[in-house]
Structure formats: C-alpha cells, structure tokens
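Q: Quick one: this structure, given as structure tokens, is what I'll be asking you about.
The values are calculated or read from the model by the stated rules, or taken from the named source; none is laboratory data. Owing to the predicted nature of the structure, the values given are computational and were not obtained by experimental measurement. Cβ atoms come from the backbone with ideal geometry, glycine included; neighbour counts cover every protein chain shown. SASA here: full protein model, heavy atoms, side chains in, ligands and nucleic acids out. Shrake-Rupley method; radii C 1.70, N 1.55, O 1.52, S 1.80 Å.
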Amino acid sequence: MTERPNLPSRYAAAEVEPAIYERWLASGAFAPSAEPRPGAERFVITMPPPNVTGSLHVGHALFVTLEDLLTRYHRMRGDDTLWLPGVDHASIAAQFVLDKIIAEEGETRASLGRDRYLERMWRFMDETRDVIGLQMRRLGASADWTRNRFTMDPMSARAVRTAFKRLHDGGLVYRGEALVNWCPRCRTTISDLEKVPREETGTLWTIRYHLARPDGTPDAERWIAVATTRPETVLGDVAVAVNPDDERYRDLVGREAILPFLGRRLPIIADPVVERDFGTGAVKITPAHDPDDYETGRRHGLPAISVLDEEARINDQGGPFAGLDRYEARERIVEQLRAMGDLEGERPHPMVVGHCDRCGTVIEPRLSVQWFVRTKPLAERALASVRGGRTKIVPEHFTKVYAHWMENIRDWAVGRQLWWGHRIPAWYCPDGHITVTDAEAGPDACAACGRPAAELTQETDIFDTWFSSGLWPFSTLGWPDDTADMRRFYPTSVMETGYDIIFFWVARMMMLGLFLTDAEPFHTVYLHGLVRANGGVKMSKTKGNTADPLEVIEEIGADALRFALTVGTTPGADQRLTETKLDGARNFTNKLWNAARFVLGARPEPLTMPEGAPSLAERWIHSRLSEATERATRQLDELDLSVYAASVHDFAWGDFCDWYLEMAKVDLRRPGATPGEQARAWLSAADALAGLLRLLHPIVPFVTEEIWAALMASHPHAASQPPLLISAAWPTPGARDLLAEADLHVVTELIRGVRNLRTESGSPASAWLGLTVVPAEPAARAAIERGIDYLAALARVRPIEVREPGVDDGRPELVASTSEAAAWLGSVGGETADARTRLAANEAHLRRGIERLRALLAGEFAQRAPAAVIERERARLSELEAQLRLLSGG
RNA sequence: GGGCGGUUAGCUCAGCCGGUCAGAGCGUCUCGCUUACACCGAGAAGGUCGGGGGUUCGAGCCCCUCACCGCCCACCA
C-alpha cells in the first residue's frame, strides 16, 4: 500500500450506483445458495408484482425500498432469504394501454380480432416486460432475478388452471346469471372493488305513468308518478312498486300502468323495500338495470328486460330509441315526456355513481351469465387465520378492515370479457354440459356425455387479473408441483404491500392460499401507506405533482430516496414526500461519505502493528456501537423500519461523527504517540466505521458498499472480510463498556456545558480559554482526568485545572454545572454580573426540581408506584441535590 | 348510513400496549470557513400534546364526549 487509498471528495451517487449494482449482480449475492445453510431460518418476502405495462412510480419505490431493506437485513443475518420478483399481466390495464396504442395505428380491438390482438399484445409485452424490473434495479432491489416471474408465463397458467379446477371440484365455483358491473368502454365485467363511487349531482326526474283502462289503453286522467335518475331505463321497466302500507297508493296495487313509448303493461305491486318518503313513493322496476330492482323482480316473478348493449347503447328492445347512446336516449326520453306533459318534475339530486376504476366511465349494471367463486367458505378460513394470529397484519388496526370485508364478502365474479389473460378452462358441449379441466390441451371429451373434444367450445371469458395474482406466493414457486422451491420457501414470511390493495390482493391470496395449499401463504402482512405529494394530496399525473423516482435518483441517488421514503413513516399511514425530506436524506449520505473520507485519510503511514490499550474514546464507540447494533436488530426484527432508519441515522451522525470522530482526532494526533498506538487508534476507527456500515447497509446499500470497498482496500485485515458488504454478516452486539460510557458521559456533559457558556458569554469560538473544574466526587474526578484531552479539544479549553470542592475560589464566572461537576472558564471577560444572574437562575431551577421530586416521593407515589420507577426518581433527586451542592460551593 | 385513521414546536413527522419538567429533521435566531463534511460545526428560542369531562399515585398514551380533516365500506330509485 504505497498510495494511500481514499474516496473522491464528492460522492457522485447517481454515477456510481449502477456500477455497484453490477458488482452485486455479478457476485451472485441476490440468489439464495443452492442449498440452505443447515439450521438457517427462512425469510421469504412476497411482493406485489407491478403491472407489466407500468413504469416506476413513487409507490413502487416505496415497496421496493422496504422489501429490499428487509431482504438485505435477513441475508446478512444468514437467513435462507428469498425475494422473488416479477410482473403482473394486468389484463384490463394492459388492454387499456394497448387499445390506445393500436388506435394510433388506426386499429381497434374489433378490427384486429382476438388472435391478432393477442399477438400484438405479446409483442407489446416484449417491449414492456423488463422495463419495471430494470427500474427496480436502479433502486437497488436485491431480488433474485434468476427467479423472475410473470403471471402469464406457463407456470402461472398451469397454476391458474389447477386452482380453478380444484375450486370447481370443491364446489366453490358456479356459473349463473346475475347483474354485474359493466364498463361500456372497457367492454367487460368488473368486480365491486373496481367500481369506484363518486359523489355527483344528477337529476331526479318525476315521470307519470298513466293507468291502464280496462281495455288496455292509457287513462289520460289518472296516473302514478315515479322518480328516476336514469330515464333511459324506463324502456326496461316491468312494474311499478309502492310500499304496502302507503295509503296513497293502496287502491292502485294490483292495477296496471302503461309504459310510455312502448305501451307495455306494468303491474303495480307492493313491496316493503320502497321508501314512502323518497320521491313520489312509487318506484319503477327495471330488473335488468338495477340491483335493487333485480331482487324485487325476482321476488315478484317479473321478467328482466335488457335494453342496453355492451357499449351502453339502446338495443332493439328500445323501440324508437334503439341505437342511441344511453345519455342521448336519456335526453330524448325526457324531452318527449315533457312534450307529452308527463314530466311532472325535475330537480338536482346528489347521488353516488359508480365509475370504472380503470377508465372512469360510468358503470352500468348488466344482466349476464358469469363464472363466480363462492367466497363464503374461503373467507371464513381466511378470517380465522388472522383472528387466530397465524397471519398477523401490521398495523394491527387493519385487521378490522380485513375482518369486516371478509364477513360481508360477496361472491367473486371472476370472468372478464377481455382477451388478454388466462382463459377460463371451461368447455361447453352442445347439450349444455360443462367440463372444467386443468389439462393444458383442454378436455378429451365432455365429462358428462362423452362428446369428443372437437364438438366442445371453450369459454371465451378470461380470469380477473387478481385471480392469478392471488396465487402469486405459491404459483411462483412451482405449485401445484411439489418442487424444491415450494418445500424450501413456502409458506413465505412477510407479505409487504400498500393498504389500498388489501381486498384486491391480500384477501384473495389468503383465501386461495389456504384452500389450495392448506397453509397461510405468509405469517405477516406489512401494509405501507400511500406516498402523497406536498399538501397531502394524492399524486397524479394529471395534477403534475408526481415525484418521479428515476429523476430523484438521477439527482440525489437511490440511497437518499430510499432513506427519505423510510424515515418518519408509520405502517398503514400515508406520508408526504417533500423536497426538504429528500434533501435531508441526501445530506445524510453525504455525511457518511465524508466521515469515511476522514477515516481513510487519517490512516498512519506506514501502518504498523497496533499496540497499547484502547483509549477511552475507542472503548466508548465500541460500546455505543454494540448498543446501536442491539437496537437496530430489534427494530428490524419487529418491522419498525422507520425507527430503525432514524436510530442508525442518529447513531451515525451523533455518536459516530459528532463525538467519536472528534475524539478520535485527539487520539490520532496525540503528541508523542508511538506508531503502534497510532495504528491502534486508526484501526479502532476503521472497525467502528465497518460496524456502522453493516448497520446502515440495508437502508443505504450503495454508499455503504462503496465506502466498504475503499475501507477494505486500506484495511490490513481485509482478507478476513467479504469483498462485498452485501455479503457481510450482520453484526452481533459485543459487550457494553459501561465504565467507558459513564466516564465519557461526565466529559461530554461538561463539554456541552462549556460550549453553552462560551456562546452565551460571547467569547470568541476560536479562543482557547482556561477552565477550572470542580468534580463532585472522586469518581467524577477520575473520569475527567481520563477524558481531559477530549475535554480540552472539544470544548477548546486550555489549560484545565481540576480542583477539590470546598475551596473558596470566588468563582465569579461560573459557567457550567452538571450533576458530576461544576466548571468555569478562566477569562470570559467582564461578564460577572451576567454570570451571577445565570448562577442564581440555575440554582432556582434546581431547587424547584428538588422540591417537586421531594413532594412526589413523599406522597402516595412512593407507596403505589413500582419500585423501579420510585428508584429512578430517587436517583434523579440525589443528582439534583449533588448539583446544587456543587453550585452553591458546598 | 356505518366503520377506521388523524389532530403533538412555524412545517413534515416520531413517541416503546400509562411512569412523571415532551423528541427528531427542516425552518428561525446567535456564533463559527477549528486541514472529513457549509449537503458542515457549536449554541439557543419555540409545544396548555384539537376542546371538555373521567379513570389513576401518575395520561400525549386508557374511557366518555364534542369539533374539525382524511380514508374505507354501504343496493335508497
């Protein structure tokens, strides 16, 4: 080592991070070892696979950060660690994107047809499949890319077929007619979860339906008025309902009204669901277009007449309005009713309208035949797992949300009338039999009548994307086969995701996982919050307030972004990512860099064999590092990720940089020190730095790795260390050195006191002042003498006189007092009066504290409080008393 | 209409399933270019922990209640 290796003066995070990532990748550190280490604990993280069409947004950045943090920690612990990455095919979202792309090419879904559309989709996938993964790498994601998975790959397809087959065999799927949510733009069914309610002001129209005369013609003089917000649905009306107790209409029940435009005869029925006070108290019944009416219709044996097609245009049931868009039809109908004199009223009406989560279009209830998963039995088990603590939700209060949903769950319409996705493996035979199979090639013959496969037709619907996502924890490991990965990594450990998909995804994984694998798919659900923009508003591209993680990384590095996203957050609670916070994190990485530069630059040349006993500062930092290690370990084990980040930050900045490195300067530059002693001092600093780097690596992996490389290059014992920090062992806390900590506590308190006084007395910061110290007792005196060089350097005082208490010294410029010692500066200037005032104030403050504690200890507290608590207060009291004695010269 | 979360220093947020003058970062003020770092160092000011009531020897933490803010769930045309 002829050339002293050191780091560049500036840390160019964005420039060096990719290279560091390549080193990790090349080292094979991300993948679990071929065989698990005997006795190793298992740690497997389940991540939410991002949409294949997506590009990295700040929400991804958050989950990648948290999951990578945990993965790195457990890997360093030596656990059998797996973080399996992948992407979700996101059928509806992907089609939404592709539809827009092909539109630019002058094509539509219809013009291409299913086969060519899917071909186009797969080409699109080639472009997008790796994008998100590459971006995740920029954040430092140490996932096992050799196991990268896609929910449309053959393994996943097989899992989907098998899952459906087993659900079917278990009587948990059925096909039936129901009113489902239909998006006229996406032209598919969507689940209740994908329907987002929005408050809107609509219009409530009151319409007259004339009563039917005995001959079936409308009675111009008599009518029943109904209220509706969707006049276009009158075309599908089959009845008018009133409350059975409503006297106003009692005599009308059993009679008939005539539907305008179409002349259909509508029985007037009585049903208790009708609220007498709403509107006119009479309701038009449209079973094919309203969930309530659908139920009412069933109860009364009424037909359901669909009047809208898949794009929400009036179909051929709509008479004169056929072919019109639903809103156009609405207008025309209102107009014509008005012209006919049958529009009795219209007024603004606040209401909640369901929109498509994907495209924002207003959802129509639509009558159709669908595949459903019977969720009740699945939900019961999924709920029991959480209630029984076999799966724990963090934060705990989301358990209630989860439970409420599970208790009120409705059957899951799993079919989608889309093309991009897993096609439901059900085949229909001309005789109406249904055959469900998990065979890739489909069934050989109808399971019921044996008709050959050639005569069967496959269901055209595909699965809801979340059906395959719900299999993720095990489909990615090879299920349904009994693979080595399945045995080794399932069930997984922590499932980490945002609370916004607790129903979509977490609940489904629990239900499907328990049914299909007979195990909870993970023991912990860690829910992070949403990242919001400044002002607490949701980030959205249209508002232009999105923080682009890639831009942030380019500017300040991935470490800083990771740190900012982790610190100061609580699981399940939203956070704001502000410029200030990012700056703070950037400053922190910079601080680490410079601390390392100091250590590396301080290496004695040549570095000889160390000799001599460790200095007080060396013992102190060693002890503090032990404590920090213990704390960090506990916090990470308890998933207190933000607290971990804050506490290692504080240790690094406060204990290590502010105190230890300043004291290390004293040791390193101690006059008369032998080369061996200098070597010892430096090695202590280098080792403390190494320990610190290990603690920090999970949260700021890049900068710590880069520093590690430089440190190892200049450390004589580097050969015994792994070349890459990512593969280094998580430290085990050593023994605390409480004596060193106690000694330095006395000294640092004194330093603080002196600094305080220097500022208050306005003495020049650069001036060396004489200091007189009066220790309270021999122990304090010994401590001060042991740390006197640090005291001198850090408080900038020279010379220091240590005096016995009780000597009359007139101490006009008493400056500082701690419980261990009193001290004053030699020549502060002519500020005697100020000093006396200060002394008096100090004394008064102490007396108040003492009184308060004496009163406390004299009261009921002393009888009732736990002994430890009382003892602590007693100790505090005697500290204050000692301090007062010192102050008053006792 | 139900349910949940929040309300702590000017701002953004911590606060260990009650322990006794409440913490951090940023901002503000005062000093300081002391050869790791001005993306820095030293010091300081700043809070009736949303309001009210209660339980307790003791409450930011528990209970009741009110007020705002936010979110989730929900089939009133």
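Q: Does any residue of segment A:287-299 turn out to be small (Gly, Ala, Ser) and near RNA strand B (Cβ under 9 Å from one of its atoms)? Write out each step before concluding.
A: Just the residues of segment A:287-299 that are small (Gly, Ala, Ser), to begin with: A:288, A:297.
Okay, now just the ones that are also near RNA strand B (Cβ under 9 Å from one of its atoms), so none.
The answer is no; no qualifying residue exists.
Q: Any idea how many residues of segment A:358-386 are in a helix (DSSP H, G or I), within 16 Å of RNA strand B (Cβ to nearest atom) and exposed (fewer than 15 other Cβ atoms within 10 Å of the Cβ)?
A: Residues in segment A:358-386 being in a helix (DSSP H, G or I), within 16 Å of RNA strand B (Cβ to nearest atom) and exposed (fewer than 15 other Cβ atoms within 10 Å of the Cβ): 1 in total.
Every residue, every condition in (1) surrounded by fewer than 20 Cβ atoms within 10 Å (Cβ to Cβ); (2) of a type in the set (A, V, I, L, M, F, W, C); (3) farther than 28 Å from A:Asp461 by Cβ, yes or no:
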residue	(1), (2), (3)
A:Ala178	yes, yes, no
A:Thr203	yes, no, yes
A:Val240	no, yes, yes
A:Arg250	yes, no, yes
A:Val253	yes, yes, yes
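Q: What pairs come up if the first residue lies in segment A:867-881 and is under 14 Å from A:Arg852 (Cβ atoms) and in contact (Cβ under 8 Å) with a residue 24 or more places away in the chain, the second is charged (D, E, K, R) and more than 11 Å from RNA strand B (Cβ to nearest atom), and their beta carbons are under 8 Å apart, counting only those six or more places apart or on different chains?
A: A:Leu877/A:Arg854
Q: Another one. If you check A:Gly323, A:Gly318, which single one turns out to be of a type outside the set (Lys, Arg), open to solvent by less than 90 Å² (accessible area, probe 1.4 Å) and assigned to a loop (DSSP other than H, G, I, E, B)?
A: From the options A:Gly323, A:Gly318, the qualifying one is A:Gly323.
Q: Here is a further query. Scanning segment A:876-888 for residues that are within 11 Å of RNA strand B (Cβ to nearest atom) and open to solvent by less than 70 Å² (accessible area, probe 1.4 Å), which turns out modelled with the highest pLDDT?
A: A:Leu877
Q: Please verify whether segment A:78-88 includes one or more residues that are under 16 Å from A:Pro48 (Cβ atoms), in a loop (DSSP other than H, G, I, E, B) and not aliphatic (A, V, I, L, M).
A: Checking segment A:78-88: at least one residue is under 16 Å from A:Pro48 (Cβ atoms), in a loop (DSSP other than H, G, I, E, B) and not aliphatic (A, V, I, L, M).
Q: Modelled with pLDDT under 95, under 20 Å from A:Arg299 (Cβ atoms) and either within 47 Å of the chain's Cα centre (by Cα) or aromatic (Phe, Trp, Tyr) (or both): which single residue out of A:Phe261, A:Phe278 fits that description?
A: A:Phe278
Q: Could you identify the single residue in A:Arg332, A:Arg250, A:Arg326, A:Arg313 that is at pLDDT 90 or above and more than 48 Å from the chain's Cα centre (by Cα)?
A: On the way: A:Arg250 fails: at pLDDT 90 or above; A:Arg326 fails: more than 48 Å from the chain's Cα centre (by Cα); A:Arg313 fails: more than 48 Å from the chain's Cα centre (by Cα).
None of the others qualify; the one that does is A:Arg332.
Q: Follow-up. So in segment A:281-293, with the set limited to residues that are among the hydrophobic types (A, V, I, L, M, F, W, C) and within 47 Å of the chain's Cα centre (by Cα), which one is surrounded by the fewest Cβ atoms within 10 Å (Cβ to Cβ)? Let's see the steps before the verdict.
A: In the first step, residues of segment A:281-293 are kept if they are among the hydrophobic types (A, V, I, L, M, F, W, C); the result is A:282-283, A:285, A:288.
Now restrict to residues that are within 47 Å of the chain's Cα centre (by Cα): A:283, A:285, A:288.
Values: A:Val283: 26, A:Ile285: 26, A:Ala288: 24.
Only one residue fits best here, namely A:Ala288.
Q: Mind listing just one residue for me: the one in segment A:409-464 that is in contact (Cβ under 8 Å) with a residue 60 or more places away in the chain and of a type in the set (Lys, Arg) and, of those, least open to solvent (accessible area, probe 1.4 Å)?
A: A:Arg416
Q: Quick one: count up the residues across segment A:378-432 that are acidic (Asp, Glu) and in contact with a strand residue (DSSP E or B) (Cβ under 8 Å, 6 or more places away or on another chain).
A: 1
Q: Can you run down the residue pairs with Cβ atoms below 6 Å, 6 or more apart or on separate chains, where the first is in segment A:649-672 and in contact (Cβ under 8 Å) with a residue 24 or more places away in the chain and in a helix (DSSP H, G or I) and the partner is crowded, with 21+ Cβ neighbours inside 10 Å and charged (D, E, K, R)?
A: From segment A:649-672, the pairs are A:Asp655/A:Arg624.
Q: Could you list, in sequence order, the residues of segment A:854-875 that are near RNA strand B (Cβ under 7 Å from one of its atoms), over 20 Å from A:Glu820 (Cβ atoms) and basic (Lys, Arg)?
A: If the condition is that a residue be near RNA strand B (Cβ under 7 Å from one of its atoms), over 20 Å from A:Glu820 (Cβ atoms) and basic (Lys, Arg), then A:Arg864 is the only one that fits.
Q: Return the total of residues in segment A:603-648 being open to solvent by 20 Å² or more (accessible area, probe 1.4 Å), at pLDDT 95 or above and within 14 Å of RNA strand B (Cβ to nearest atom).
A: 0
Q: Further question: Assuming A:Asn756 fulfils every condition listed in (1) open to solvent by 40 Å² or more (accessible area, probe 1.4 Å); (2) within 38 Å of the chain's Cα centre (by Cα) apart from one, which condition is it?
A: (2)
Q: Between residues in segment A:612-627 that are touching a residue at least 24 places away in the same chain (Cβ under 8 Å) and residues that are polar (S, T, N, Q) and in a helix (DSSP H, G or I), which pairs lie under 6 Å by C-beta distance while being six or more apart or on different chains?
A: If the second residue must be polar (S, T, N, Q) and in a helix (DSSP H, G or I), the pairs left are A:Glu618/A:Ser684.
Q: Oh, and also: Among the residues of segment A:209-238, write down those that are in a strand (DSSP E or B) and within 13 Å of RNA strand B (Cβ to nearest atom). Explain how you work it out, then say what you get.
A: Taking segment A:209-238 first, the residues in a strand (DSSP E or B) are A:209-212, A:218-228.
Answer for segment A:209-238, where residues must be in a strand (DSSP E or B) and within 13 Å of RNA strand B (Cβ to nearest atom): A:Tyr209, A:Ile224, A:Ala225, A:Val226, A:Ala227, A:Thr228.
Q: So the check is Cβ under 7 Å with 6+ separation or different chains; which pairs have a first residue in segment A:280-305 that's among the basic types (Lys, Arg) and a second one that's within 13 Å of RNA strand B (Cβ to nearest atom) and in a helix (DSSP H, G or I)?
A: A:Lys284/A:Val234
Q: With respect to the numbered conditions (1) open to solvent by 50 Å² or more (accessible area, probe 1.4 Å); (2) touching a Gly at 6+ places or on another chain (Cβ under 9 Å); (3) at pLDDT below 90, which one is the sole condition not fulfilled by A:Glu199?
A: (2)
Q: Consider segment A:713-730. How many of its residues are open to solvent by less than 30 Å² (accessible area, probe 1.4 Å) and at pLDDT below 95? It would help to see each step written out before you state the result.
A: Filtering segment A:713-730 down to residues open to solvent by less than 30 Å² (accessible area, probe 1.4 Å) leaves A:714-715, A:718, A:724-726, A:728, A:730.
The next check asks that each one be at pLDDT below 95; those that pass are A:714-715, A:718.
Number satisfying all stated conditions: 3.
Q: So if I check each of A:Phe598, A:Phe563, which one is open to solvent by less than 60 Å² (accessible area, probe 1.4 Å), within 7 Å of RNA strand B (Cβ to nearest atom) and modelled with pLDDT of 95 or more?
A: The conditions single out A:Phe598.
Q: Residues to consider are A:Gly806, A:Gly770, A:Gly762; find the one that is more than 16 Å from RNA strand B (Cβ to nearest atom) and modelled with pLDDT under 80.
A: Every option except A:Gly806 fails the conditions.
Q: Moving on to the next point. Output the residues belonging to segment A:582-595 that are within 27 Å of the chain's Cα centre (by Cα), within 6 Å of RNA strand B (Cβ to nearest atom) and open to solvent by less than 50 Å² (accessible area, probe 1.4 Å).
A: A:Gly584
Q: Could you please give the count of residues in segment A:809-829 that are at pLDDT 60 or above and either in contact with a helix residue (DSSP H, G or I) (Cβ under 9 Å, 6 or more places away or on another chain) or acidic (Asp, Glu) (or both)?
A: 10
Q: May I ask you to list the residues in segment A:673-690 that are aliphatic (A, V, I, L, M), within 14 Å of A:Ala602 (Cβ to Cβ) and part of a helix (DSSP H, G or I)?
A: A:Ala679, A:Ala681, A:Leu683, A:Ala685, A:Ala686, A:Ala688, A:Leu689
Q: Right, something else. Are any residues in segment A:205-238 modelled with pLDDT of 90 or more, open to solvent by 20 Å² or more (accessible area, probe 1.4 Å) and hydroxyl-bearing (Ser, Thr, Tyr), and if so, which ones?
A: Answer for segment A:205-238, where residues must be modelled with pLDDT of 90 or more, open to solvent by 20 Å² or more (accessible area, probe 1.4 Å) and hydroxyl-bearing (Ser, Thr, Tyr): A:Thr206, A:Thr229.
Q: Residues being open to solvent by 10 Å² or more (accessible area, probe 1.4 Å), within 14 Å of RNA strand B (Cβ to nearest atom) and outside any helix (DSSP H, G or I): count how many of those fall in segment A:492-525.
A: Qualifying residue count, segment A:492-525: 0.
Q: If I ask for residues that are of a type outside the set (A, V, I, L, M, F, W, C), over 21 Å from A:Tyr21 (Cβ atoms) and in a loop (DSSP other than H, G, I, E, B), which ones from segment A:122-155 would you list?
A: A:Thr151, A:Asp153
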